[in-house]
Amino acid sequence: MVFAHFTEIALQAAVALVNTQDDDNDALTDLAGLDEFMREWGWSAGKRRTQAELDEVRALRSRLRRLWGLDEDAVVSQINAMLREAKALPQLVRHHEGHYHVHAAPPGAPLANRMAVEAAMAFIDVVRQQELGRLGICDASDCDAVCVDLSRNRSRRYCSTACLNRVTVAAFRARHR
């Protein structure tokens, strides 16, 4: 494991949120799409359930996406801004009988704030461990999705097995022409 369990989950959730939008489609066009994303990633429902809440989450995507192209100082600046804006207050929390972990936004905070704070807290670990190199953009020529390399040998180059398979099949076909 490269990072703590909850850090890895928060990083993967941030990647998934950023990648809900690509050139061809957007998985967060309505509240049903947001509900599906929340269910898939274990986010508790917000109180608002409004178009404004959806718009805030959609806006967060581009803010998180920018982190993949910044140097360390700029990433730190963005993380600190997100934490300040959300008035983050880190506290240890345990759900049911699980282990303690850090939450920095209260459960009643707006959904986009909770998502931003969870991502920012995960990025703190990435920066502290000097692992920004684990943040990448998919190597497939027709994909610009973000990814996080959680492998031990730093070998992840694609955002998904679908992109990996597509590139592999194309290379195979090119060799056999």
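The table below lists the values:
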item: Residue check for Glu53: part of a helix (DSSP H, G or I), farther than 24 Å from His101 by Cα and either in contact (Cβ under 8 Å) with a residue 60 or more places away in the chain or touching a Leu at 6+ places or on another chain (Cβ under 9 Å) (or both); result: yes
item: Some residue of segment 88-102 being under 14 Å from the mean Cα position of the chain (by Cα) and among the aliphatic types (A, V, I, L, M); result: no
item: Matching residues in segment 3-26 - criterion: being closer than 15 Å to Cys143 by Cβ and surrounded by 16 or more Cβ atoms within 10 Å (Cβ to Cβ); result: Val15, Val18, Asn19, Thr20, Gln21
item: Yes/no for Ala170 being farther than 27 Å from Leu54 by Cα, more than 19 Å from the chain's Cα centre (by Cα) and either basic (Lys, Arg) or modelled with pLDDT of 90 or more (or both); result: no
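The values are calculated or read from the model by the stated rules, or taken from the named source; none is laboratory data. Bear in mind that the values here come from a model prediction, so they are computed numbers and not experimental data. When we count neighbours, we look across all protein chains shown, and the Cβ atoms used for this are built from the backbone with ideal geometry, even at glycine.
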